[in-house]
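Okay, structure first, notes after.
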Amino acid sequence: MADKRDYYEVLGIDKSADDAAIKKAFRQLAKKYHPDTNPGDAEAEQKFKEVQEAYAVLSDADKRRQYDQFGHAAFDGGAGGGGGFDFSGMDMGDIFGDIFGDFFGGGRRQADNGPRKGANLRASVRITFEESISGCEKELEIVLKDECTHCHGTGAKPGTNPETCSKCGGKGKVMYTQQSLFGMVQNVQTCPDCGGSGKVVKEKCSDCRGTGYIASRKRIKVTIPAGIDNGQSVRIRDKGEPGTNGGPRGDLLVEVIVSRHPIFQRQDMNIYSTAPISYAQAALGGEVRISTVDGDVLYEVKPGTQTDTRIRLKGKGVPSLRNKSVRGDHYVTLVVQVPTNLSAAAKDALRKFDEEAGNTLNADKTGAEKPKKKSFKEKLKETFDDFIEE
Ligand SMILES: [Zn+2]
Ligand SMILES: [Zn+2]
């Protein structure tokens, strides 16, 4: 093509422009001439192609060097005489993903027909509070897909081969346009016909019905580390869906559900609980038995302990997931129990105790507290006394 414009001219940049300048120029021009922002404008479409082509060459160090040396002739070599750059091996989706990915949330995309990791599988397992503290092993049953041994994962009847997908031409992806906040956007999607493999099976394998996989129930051991919290997941590598085109398997993510405990509550690495103590223990002090995840411990309560006093049992909390020997604490709120259903003797003893300790039961007789209506006589006497004093 004689009228082919210089690539630097197309992008409006200098021959010495660096990668960032090339990218910037392309980004601006690609947006300006994008077919979706210029519907039906053949000239814009032509410009858009020109810009893409120029960028494809100049953004690639090798191709740029060839272009600098030989000009357009560098890419004319025998490819059908149509002239120009051969785009069949190029992936416009990649260029777009690269340039606009950060913009439209697409991110950098990998080649869809290359090896791809399989999808992750999810499962859940319920454990007790105690198991979450000590760690445990559980077995669960999941349905796992494995490569079909009959067709070795191709899905094609043995003796036949999968064919190149006609919808995507074997690329494994197709372009489509979509309305977005930024106007019409061109996007790349996994090919619906071949599922991204670039190949379709004409004569299906009878064992796997063309899928290439056989699903079966498998029992899987899950090691749950000490310290796991409700809702956290354990990842088991390579127990997810099989990869495609030779990619690795996905992972199995097992969500752990920790049952509620009747006494213990957890927050981060600490455990909280309440423990009853008797009135005598609170007043006189002494050993009380307290439940912890390590079993009961004896705790020396100080004399005169008030109700709702919180004590700390150091290192009796939840172990760290990273290091089992690092543990949180256990906080215990001591609740003083008021005795009920006392025997006559106990009541008697308590009355005697009260007489010794402030005589609160008879406050009335000592005239200490309780307001009381005065009789007329008393009032008169007071007035009289006052009168006499004067
Ligand atoms: Zn098969
Ligand atoms: Zn396809």
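What follows is calculated from the coordinates using simple rules that are stated; it is not laboratory data. None of these values were measured; they are calculated from a predicted model. FYI the Cβ positions are ideal-geometry reconstructions off the backbone, even for glycines, and counts take in every protein chain you see.
Sort the following peptides by mean Cβ neighbour count (other Cβ atoms within 10 Å, averaged over residues), highest first: 226-239, 47-60, 196-209.
Final packing ranking: 47-60, 196-209, 226-239.
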Taking 151, 136 and counting other C-beta atoms within 10 Å, the order from fewest to most: 136, 151
May I ask you to compute the full-extension gain from residue 306 to residue 61, defined as 0.36 nm times their residue separation minus their alpha-carbon distance, rounded to one decimal in nm? 80.4 nm
Does region 226-357 come out rounded, prolate or oblate, given a ≥ b ≥ c as the square roots of the eigenvalues of its C-alpha gyration tensor, rounded meaning a/c under 1.5 and, failing that, prolate meaning a/b above b/c? prolate
Only residues of region 114-155 count here: report those whose backbone N is under 14 Å from the spot 7 Å along Cα→Cβ of residue 255, or say none. 121-127
Counting Lys and Arg as +1 and Asp and Glu as -1, what is the net charge of the other residues whose Cβ lies under 11 Å from the Cβ of residue 19? +1
Once the piece of chain linking residue 353 and residue 189 is laid out straight, how much longer is it, given 0.36 nm per residue of separation minus the C-alpha distance between them? 50.6 nm
Along region 213-220, what does the Karplus equation 6.51 cos²θ - 1.76 cosθ + 1.60 (θ = phi - 60°) give for ³J(HN,Hα), rounded to whole Hz, x for Gly and Pro? 10, 10, 8, 8, 6, 9, 8, 10
Protection proxy ranking of 323-329, 12-18 - average other beta-carbon atoms within 10 Å, highest first: 323-329, 12-18
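How large is the dipole of region 206-314 about the Cα centre if only Lys and Arg carry +1 and Asp and Glu carry -1, each at its Cβ, rounded to the nearest 20 debye?
Computed about the Cα centre, the dipole is about 380 debye.
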For residue 122, distant residues with modelled amide H under 5 Å away: 253
Residue 179 to residue 272: extension gain in nm, 0.36 nm per residue of separation minus the Cα-Cα distance? 28.2 nm
Mind listing the phi-derived Karplus ³J(HN,Hα) values for region 239-251, rounded to whole Hz, using 6.51, -1.76 and 1.60 with θ = phi - 60°, and x for any glycine or proline? 10, x, 5, x, x, 10, 6, x, x, x, 5, x, 10
From phi via Karplus (6.51, -1.76, 1.60), per-residue ³J(HN,Hα) for region 50-59 in Hz, x at Gly/Pro: 4, 5, 4, 5, 4, 5, 4, 7, 6, 7
